[in-house]
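J.: Before anything else, here's the structure in question.
What follows is calculated from the coordinates using simple rules that are stated; it is not laboratory data. Note that this is a predicted model, so its numbers are computed, not measured. Neighbour counts are summed over all protein chains in view; Cβ atoms, including those assigned to glycine, are modelled from backbone coordinates with ideal geometry.
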Amino acid sequence: TISLNWHNANPSLLSLQTVADSLNWRRKIVVGVASCVMVVFMICIIICCSKCMSSTTGHVKFWFTSDQDIEAFLKNHGAQAQKRYKFSEVKKMTNSFKVKLGGGGFGTVYKGEILGGCPVAVKILNASKGNGVDFINEVASISRTCHVNVVTLLGFCLEGNKKALIYEFMPNGSLDKYIYNKKFETTQLLSWDNLWHISIGIARGLEYLHRGCNTRILHFDIKPHNILLDENFCPKISDFGLAKLCPRKESIISMSDARGTIGYVAPEVWNRNFGGISHKSDVYSYGMMLLEMVGGRKNLNAEASNTSEIYFPYWVYSRLEQGQDLRPDGVMVTEENEIARRMTIVGLWCVQTFPKDRPTMSRVIDMLEGNMNSMEMPPKPLLSTPTRSVPESSTS
């Protein structure tokens, strides 16, 4: 009765009490909802992390941050890993790294010999690549392959920060020196028939990586420098340092960063507005390389006088459209012109701006080997711009 009389006597206090109770109730609801959201969020993180850590389909990059992680990977995938060498053995097989074959940002390649005098190419990865991304990408991807147009990994070495990869030796080197550098006398060895067979071989190798393996392998760095030629000029796809593994059933993959070499990177790799990243990204790189093989020049021309020359596919398309020689540095007979035209049309289809407009590698092989009369002219490249003068400062 006292409490009742007190409230009756103080209606304003009763109102304040009601407001306080309401605020407390709302606060409890907010806290409860926030807690539920946090729980769901944490569960999602745990699930995503579990999938990433248990997957070998291209998420390697995020987890191999130390030599211990790499060792664990090699141990868990021992059935697929190749022969392991000590660094002292690597030094011995290269005769203390006497003959250098080439080098780049990834490291240096030396010529060597293994038991029986079999020549090999030994790639010593730069110590600065401490997280071992390139190393583990190559071991994880190439160890799954077996194809005449994919270079064979014979073994590897891992001792602390010393990492090496041992490949079969390709006596004719890489494709780039035959299509760019006119100072090489060996350039004449690559007839149009040679170029055509090489283009088909590379296409078959890519088709195998995309469809022939249990796990689809996306290369992401197809370019002439990464195509090696054996004694018979049979092409072999090499350098899987940027490769990504994904289930065959997945058509679109996720990727946190752009990868590849400027001039060969598909539009969707650096801008998702063009479409999803998939095996069609390799198709684009292949097409750009094919156009270089026909034109006998690099796809980037810093000395071009207008933008139509800067964007290489536009320059090629214009020459094809106007009936001009596709390789101005030499006279071609009718049969050679047909090969060049066929390779050009296929290349232009491959470099279509949107992935959905590009052919698969299986279709590429059909076009290269099929009837020329049945080939349709592709649309003009969309990334080209109207002809206009380029400022003198735009030469880098």
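J.: Scaled to the compact-protein estimate 2.2 N^0.38 Å, what is the alpha-carbon radius of gyration of segment 218-327, rounded to two decimal places?
T.: 1.18
J.: Roughly how large, in nm² to one decimal, is the mean projection of the convex hull of the alpha-carbon atoms in segment 176-374?
T.: For segment 176-374, averaging the hull's shadow over all directions gives 11.8 nm².
J.: For the pairs Lys162/Lys223; Lys280/Lys380; Lys91/Lys298; Lys83/Lys244, note any where the Cα-Cα span goes beyond 30 Å.
T.: From Lys162/Lys223; Lys280/Lys380; Lys91/Lys298; Lys83/Lys244, over 30 Å: Lys91/Lys298.
J.: If I stretch the segment between Ala258 and Asn214 completely, what's the gain in nm (0.36 nm per residue apart, minus their alpha carbon distance), one decimal?
T.: 13.3 nm
J.: Now, a different point. How far, in nm, would the chain grow between Glu250 and Lys100 when pulled straight, counting 0.36 nm per residue and subtracting the alpha carbon separation?
T.: Residue separation times 0.36 nm, minus the Cα-Cα distance, leaves 50.0 nm.
J.: Could you put Arg319, Arg216 in order, starting from the residue whose Cβ has the fewest other Cβ atoms within 10 Å?
T.: Least to most surrounded, the residues fall as Arg319, Arg216.
J.: First select every other residue whose beta carbon is under 10 angstrom from the beta carbon of Glu292; then total the charges, Lys and Arg +1, Asp and Glu -1.
T.: +2
J.: A further question follows. Kindly state, to the nearest 0.05, the FRET efficiency for Glu321 paired with Lys356, given R0 = 25 Å and r defined as their beta-carbon distance.
T.: So the FRET efficiency works out to roughly 0.60.
J.: Okay, moving on. If you stretched the chain out fully between Ser374 and Glu159, how much longer would it get, using 0.36 nm times the residue separation minus the C-alpha to C-alpha distance?
T.: So the extension gain works out to 71.9 nm.
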